[in-house]
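The values are calculated or read from the model by the stated rules, or taken from the named source; none is laboratory data. Note that this is a predicted model, so its numbers are computed, not measured. Note: accessible area is taken over every heavy atom of the protein model, side chains too, but ligands, DNA and RNA are not part of it. Shrake-Rupley method; radii C 1.70, N 1.55, O 1.52, S 1.80 Å.
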Amino acid sequence: MGTPDDGKQQTLTLIRGLPGSGKSTMATALAAQTGATHLEADQFMVDRAGKYRFDARKLRDAHQHCETACDEGLGTGNSVIVANTFTQIWEMQAYLDMADRHGVALQVIECHGQFDNIHGVPVDKITTMQDRWEALPAKYR
């Protein structure tokens, strides 16, 4: 199941980083270049008018939708790129398990840029995320 009909190796790419680090920009560019499906939990926080509206009460559901869409994409032979903060390794575990279950190549990219964060995350929240940041284990580098 790991190779779609076009002959390219199917992959799951996880892009992690703090808000404003360039995750969305990188994911968009990679998806355009490779034809992979680009997913982010933030995509599930967009209202009917297309405006981003963060709602902490919907965060768990947003992540669940993202995981489900990723699993479905991998199941149909597509490569998938998931860009989320993933400040702690356990937050990536469902995706790590999916890569194993679907037998696809896994790539983890860390973004460390400092750009405007497009979702208006307050500085104190970014500092909290930075304080929680776990280094990527060597086996995923």
Please work out the average accessible area per residue across the chain, using the 1.4 Å probe convention, and give it in Å². 61 Å²
Whole-percent carbon and sulfur share, accessible surface of segment 11-140, 1.4 Å: 52 percent
Of all DSSP beta bridges in segment 11-140, what percent run antiparallel (nearest 5)? 5 percent
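Per DSSP helix of 4 or more residues, -39500 (n - 2.57); summed, then divided by the residues of the chain. What does that give at 222 nm, rounded to the nearest 500?
It comes out at -11000 deg cm²/dmol, rounded to the nearest 500.
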Check the chain and count each lysine pair with an alpha-carbon distance under 30 angstrom, considering only pairs eight or more places apart or from different chains. 9
